């Protein structure tokens, strides 16, 4: 009731000073739109420009990680979904792709549908740094050097010992890979999570 009285009083004042009811309604609608825009979450932009990993490199990444039935593969920055989809189709593993770009997520879902693996794969529009990856037994990456290093504490905090990590193109700075391969002139790096690595490279301080 009090709100109705206030609204009526506002209308009376507006008319008294020569403001039309249509203008008043337009003002109210503008205020609603501005409030909605302020409340809407900002669209986060990707940290990495999407560049597809060549299929020959995808194949080698899955090979060096020894992906097999029963694995759970997380691809961080999954793009069009090709790594997750290839793993699901070839090895029957469950895969989760994480990407901040809704266009890439839509593309990945369509590719999964075409390849008949939608029952095995999931693509999530999310920030990879805030996504729980603890169930992964294999993690694949194609990011940037600074993002790989920034990701290290999360990998050591959330992943179990023995989890395999494979990165296309970029290493992890002083955390040296166990294997470094060349595939058609491109670099592939491989690590596993261990207590020794966690102690040495798993803290935020180790990035400094």
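Okay, here's what the table says:
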quantity	calculated
Inter-label distance for residue 194 and residue 59, nm, one decimal - labels placed 7 Å from Cα along Cα-to-Cβ	3.1
Extension gain from residue 66 to residue 157, taking 0.36 nm per residue of separation minus the Cα-Cα distance	30.5 nm
Segment residue 184-residue 132, length gained on full extension (0.36 nm per residue, minus Cα span)	15.4 nm
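FYI, it's all coordinate maths here, none of it is from the lab. Quick caveat, the model's predicted, so the values are computed rather than measured. Virtual Cβ from ideal backbone geometry, glycine too; neighbours counted across all protein chains shown.
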